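Okay, so here's the structure we're looking at.
The values are calculated or read from the model by the stated rules, or taken from the named source; none is laboratory data. Predicted model only: the values in this text are computed from it and were never measured. Note that we place each Cβ from the backbone using ideal geometry, even for glycine, and neighbour counts take in every protein chain shown.
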Amino acid sequence: MDVNAFTTAMKRYHLYELADQTWCPNIIRQSIVESLRLSINSGGYYEETPAILRKSLKNTKENQIIDLCSGGGGPWESLHVDLNSGEGRYDVHLTDINPNHDVLTKLQNETNDSVKFCAKPVNALELPKELKGFRTLFSSFHHFEPHEAQQIIADAVSSRQGIAIFEFTRRNPLAILLTSLAIIFVPIFVLSMRPFSWSRLLFTYIVPIIPLGAAYDGTISCLRTYTESELREFTELFADQNYQWEIGNLKAGISPIPVTYLIGHPKETVKIPEYQVSTPVGEQETEASTV
Ligand SMILES: C[S@@+](CC[C@H](N)C(=O)[O-])C[C@H]1O[C@@H](n2cnc3c(N)ncnc32)[C@H](O)[C@@H]1O
């Protein structure tokens with residue numbers, strides 16, 4: 001069997017996700033996002049991210065983190081402990097266009113306010129000026145079309161803030177196959193979701209919209225995820241902005257699919273950046289590279 005056929009990047013399709021639709025009932029949207037959080041935490045997909053985050057945070061001398069598109073909190077329940085286990089102390093502020101108050105209040109209490117959340121909706125495309133800090137996006141950059149993705153990076157650059165983007169989804173058949181296993185795992189995750197809701201049980205076990213929706217959104221997320229080459233093309237637009245960029249792959253816990261990342265921060269010293277020749281879009285790299 002040709003393994004490459006399952007791991008080669010596919011064309012990018014920006015199709016609609018169910019949980020992004022304004023008409024999607026809250027219980028379905030929040031259960032899908034919450035199952036994503038539970039799957040990230042049980043799979044340890046982002047356990048390698050603290051080391052590179054810490055390095056970039058140290059360079060920027062920043063100790064406030066503004067997480068965008070936080071959903072149910074993503075990996076922050078364990079990530080804030082790992083991040084704070086070294087020299088620095090970091091406060092994390094979670095934001096989302098549809099903040100899930102129940103789940104985020106619980107996370108804030110359990111972390112003794114190390115991880116706080118903004119109760120008001122925060123649009124990642126129109127970040128309020130008062131939200132200052134190193135920006136992070138976990139499993140969410142694929143939500144944005146290329147012009148919006150550029151806008152998010154451009155806003156971080158013009159505010160001279162660091163930015164880190166991590167995605168465990170990938171545009172290849174193996175990633176899609178693994179993501180669709182949500183049909184099996186979501187009915188298990190639903191049992192631990194709080195507050196208890198009869199409608200959540202109804203939409204999981206009787207009319208299984210939640211597991212099917214999670215598998216569908218996972219598949220669409222894979223088809224929307226940017227490759228390393230595409231991320232590098234975004235950073236090349238800011239080549240004259242005196243930023244240090246790193247793009248690469250990290251091991252993703254139990255998943256055979258690596259996490260793709262982009263991390264950038266202002267350089268300390270003014271230096272004209274070297275021109276980096278772009279790799280063709282769609283081609284995948286396996287090692288980190290800096291621009
Ligand atoms: C796939 S979930 C990722 C959640 C979380 N980061 C995680 O790792 O579990 C995407 C989240 O992005 C949010 N979102 C989508 N568009 C947004 C926007 N323009 N601004 C802020 N949040 C947005 C959604 O409400 C949703 O909670």
Any chance residue 158 is under 30 Å from residue 241 (Cα atoms), away from the ligand (no atom under 16 Å from the Cβ) and of a type in the set (Ser, Thr, Tyr): yes
Members of the range 124-145 that are free of Cβ contacts under 8 Å to residues at least 40 places away in the same chain and more than 23 Å from residue 80 (Cα to Cα): 125, 126, 128, 129, 144
Subset of the range 1-56, residues within 17 Å of residue 166 (Cα to Cα), of a type outside the set (A, V, I, L, M, F, W, C) and crowded, with 16+ Cβ neighbours inside 10 Å, comes to 37, 39, 41, 43, 45, 46, 47, 48, 49, 50, 54, 56
Going by what's in this entry, would residue 110 be described as under 19 Å from residue 71 (Cα atoms), within 12 Å of the ligand (Cβ to nearest atom) and either out of contact with any helix residue (DSSP H, G or I) (no Cβ under 8 Å at 6 or more places or on another chain) or assigned by TED's automatic domain parsing to the domain that holds residue 78 (or both)? no
Looking only at the range 12-54, count every residue that is assigned to a loop (DSSP other than H, G, I, E, B) and farther than 20 Å from residue 260 by Cα and tell me the total. 8
Neighbours by Cβ (under 8 Å, 6+ apart or cross-chain): first from the range 185-196, among the polar types (S, T, N, Q); second assigned to a helix (DSSP H, G or I) and surrounded by 10 or more Cβ atoms within 10 Å (Cβ to Cβ): 192/38
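This table checks each residue for (1) within 13 Å of the ligand (Cβ to nearest atom); (2) in the same structural domain as residue 132 (by TED's automatic domain parsing); (3) not small (Gly, Ala, Ser).
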{"site": "11", "(1), (2), (3)": "no, no, yes"}
{"site": "38", "(1), (2), (3)": "yes, no, yes"}
{"site": "57", "(1), (2), (3)": "no, yes, yes"}
{"site": "91", "(1), (2), (3)": "no, yes, yes"}
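Rundown of residues vs (1) in contact with a His (Cβ under 8 Å, 6 or more places away or on another chain); (2) surrounded by fewer than 23 Cβ atoms within 10 Å (Cβ to Cβ); (3) modelled with pLDDT of 95 or more; (4) basic (Lys, Arg), yes/no style:
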| position | (1), (2), (3), (4) |
| --- | --- |
| 148 | no, yes, yes, no |
| 169 | yes, no, yes, no |
| 200 | no, yes, yes, yes |
| 207 | no, yes, yes, no |
| 211 | no, no, yes, no |
Name every residue in the range 59-90 that is assigned to a helix (DSSP H, G or I) and surrounded by 14 or more Cβ atoms within 10 Å (Cβ to Cβ), in order of residue number. 59, 60, 76, 77, 78, 79, 80, 82, 83
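Could you list, in sequence order, the residues of the range 39-68 that are on the phi > 0 side of the Ramachandran plot and touching a residue at least 60 places away in the same chain (Cβ under 8 Å)? Outline the logic, then answer.
Initial filter on the range 39-68 (on the phi > 0 side of the Ramachandran plot): 44, 61.
Answer for the range 39-68, where residues must be on the phi > 0 side of the Ramachandran plot and touching a residue at least 60 places away in the same chain (Cβ under 8 Å): just 44.
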Near pairs, Cβ below 7 angstrom, 6+ apart or cross-chain, from the range 69-84 (assigned by TED's automatic domain parsing to the domain that holds residue 95) to any residue that is within 7 Å of the ligand (Cβ to nearest atom) and basic (Lys, Arg): 71/37; 72/37; 73/37; 74/37
